[in-house]
Amino acid sequence: MASRREAIILAVRAKLNQLATVPASRVYRSRETAITRAESPAVVLRKDSDPAPENRNVDERRLHFVIEIYTRGENAEADADPIEVEIHDALMVDRTLGDKCILLEAGDTIFVDANADLPAHRTEMHFSALYRVKPEGLSNPA
Amino acid sequence: MAFTERLQDFFAVSDFAVAATWTPSSGGPQKSADVLLDSPDETMLDHMVMSTEYVATMIALDFLGLKGGETIAVAGVNYKVREVLLLDDGGLKHATLSKL
């Protein structure tokens, strides 16, 4: 049985597959190969970390994940903005992700540009999802 | 003994060079020169973005005034110039290009 954190990631992926600004065929999970001009814009979803719970009496955990947006063009950084807006709105409209977590929170957003053959930009949108599992299993909601 | 450099010998179309043309955006006649075109792929942004780094190497005195934003045709293909950089002693220059 999949872990709760996997269920959270799948719920996020399902939301990303519904974007109007980026086709589902350009939404990737943990992609490691370079994205070409023709494949842009693209979105990559990655797990970041799931630190040990601070409260040992309740197995309340926080899954950190990042959504990367890759755009190309003379205005690549500005071109990412409508995608950022749509992703933020799509995720935050239901901060339980369909009861997959207790509370979804938006974290840092980081912007990076590169001098490519066609200017390239990456926006990293960091999120964390608070969730509870029983101590005896990562799949069991508490 | 004096050594006379003939940079033109490195730019023979019969060997590795290709023909290029540029019409300055500020006006004036079309100019022609022979250049060496390289197009290696590189990755950037932590290996997540692929970029083809088109570079035309030419004699510095050819295409005088060429700068970023200009359009040149190399081997019949149009490119936008990104940057122009002198090389070594300044006898040659690189124009980094973006395929249009």
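Nothing in this text is a laboratory measurement; each read-out follows from the coordinates by a stated rule. Since the structure is predicted, the reported quantities are computational estimates derived from the model, not experimental observations. Here Cβ is always computed from backbone atoms with ideal geometry, including for glycine, and neighbour counts include all displayed protein chains.
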Worksheet entry | Hits among lysines - C-alpha to C-alpha of A:LYS134 under 19 Å, sequence gap 8 or more where chains match | A:LYS100
Worksheet item: So if we plug the beta-carbon distance of A:GLU105 and B:LEU85 into 1/(1 + (r/R0)^6) with R0 = 45 Å, what FRET efficiency do we get, rounded to 0.05?
Response: 0.50
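Rounding to the nearest 20 debye, state how big the charge dipole of chain A is about its Cα centre with +1 on each Lys and Arg Cβ and -1 on each Asp and Glu Cβ. Could you put the intermediate results ahead of the total?
Working: 19 positive and 24 negative charges, 147 e Å.
About 700 debye.
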Fill in: Vicinal HN-Hα couplings computed from phi for the stretch A:86-95 (Karplus, 6.51 cos²θ - 1.76 cosθ + 1.60; Hz; Gly/Pro x)
5, 5, 4, 5, 5, 7, 7, 5, 9, 7
Worksheet, complete the sentence: For the stretch A:102-142, listing GluC sites (Glu not before Pro) in a DSSP loop whose Cβ sees at most 13 other Cβ atoms within 10 Å gives A:GLU136
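Assuming R0 = 51 Å, what is the FRET efficiency of B:SER39 and A:ASP89, from their Cβ-Cβ distance, to the nearest 0.05?
Values: r = 40 Å, r/R0 = 0.79.
E between B:SER39 and A:ASP89, to the nearest 0.05, is 0.80.
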Response to the item:
Once amide hydrogens are built 1.01 Å from N within the peptide plane, the residues lying 5 or more places from B:VAL49 or on another chain with amide H under 5 Å from its amide H are A:ILE35, B:MET44
Worksheet entry | Relative intensity, log₁₀ I(q)/I(0), of the stretch A:4-132 from a Debye sum that treats every alpha carbon as a point, q = 0.14, 0.18, 0.22 Å⁻¹ | -0.60, -0.93, -1.29
Worksheet item: Mind listing the phi-derived Karplus ³J(HN,Hα) values for the stretch A:97-108, rounded to whole Hz, using 6.51, -1.76 and 1.60 with θ = phi - 60°, and x for any glycine or proline?
Response: 6, x, 6, 7, 8, 7, 7, 8, 10, 8, x, 5
Item to complete: Obtain the nm distance between the two label points defined at A:ARG26 and B:THR23 by a simple spin-label model: each point lies 7 Å from its Cα along the Cα-to-C-beta direction.
Response: 3.2
Worksheet, complete the sentence: Here the stretch B:71-88 yields Karplus 3J(HN,Hα) values (6.51, -1.76, 1.60; θ = phi - 60°; whole Hz; Gly and Pro given as x) of 10, 10, 10, 10, 6, x, 10, 8, 9, 9, 7, 8, 8, 10, 10, 6, 10, 6
Item to complete: Mind giving me the nanometre distance, one decimal, between the label points for A:ALA52 and A:ASN140, set 7 Å out from Cα along Cα→Cβ?
Response: 2.2
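If you count, for each residue, the other Cβ atoms within 10 Å and average over each peptide, how do B:7-15, A:5-13 line up from highest to lowest?
Those peptides, ordered most packed to least, come out A:5-13, B:7-15.
Counting Lys and Arg as +1 and Asp and Glu as -1, each charge on the Cβ, what is the dipole of chain B about the Cα centre in debye, to the nearest 20? Show your work: numbers first, answer last.
Details: 7 positive and 14 negative charges, 99 e Å.
Computed charge dipole of chain B: roughly 480 debye.
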Item to complete: Could you work out, for the protein assembly as shown, what percent of all Cα-Cα pairs fall into each 10 Å distance bin, beginning at 0 Å and stopping at the bin that holds the largest distance?
Response: 7, 25, 22, 16, 12, 9, 6, 2, 0
Worksheet, complete the sentence: Restricting to lysines and to Cα separations under 30 Å from B:LYS99, and discarding same-chain partners fewer than 8 apart, the set is B:LYS31, B:LYS67, B:LYS80
Item to complete: Could you please report the charge total around B:ILE72, scoring K, R as +1 and D, E as -1 over all other residues with beta-carbon less than 14 angstrom from its beta-carbon?
Response: +2
Worksheet, complete the sentence: Check: C-alpha center the stretch A:15-37 vs C-alpha center the stretch A:41-94, spacing in Å is 13
Discussion item. Is there a quick way to get the dipole size of the stretch A:94-142? I mean about its Cα centre, with the Cβ of Lys and Arg at +1 and of Asp and Glu at -1; what is the value in debye to the nearest 20?
Written reply: 300
Worksheet entry | Column: log10 I(q)/I(0), Debye, Cα scatterers of the stretch B:7-99, q = 0.24 Å⁻¹ | -1.28
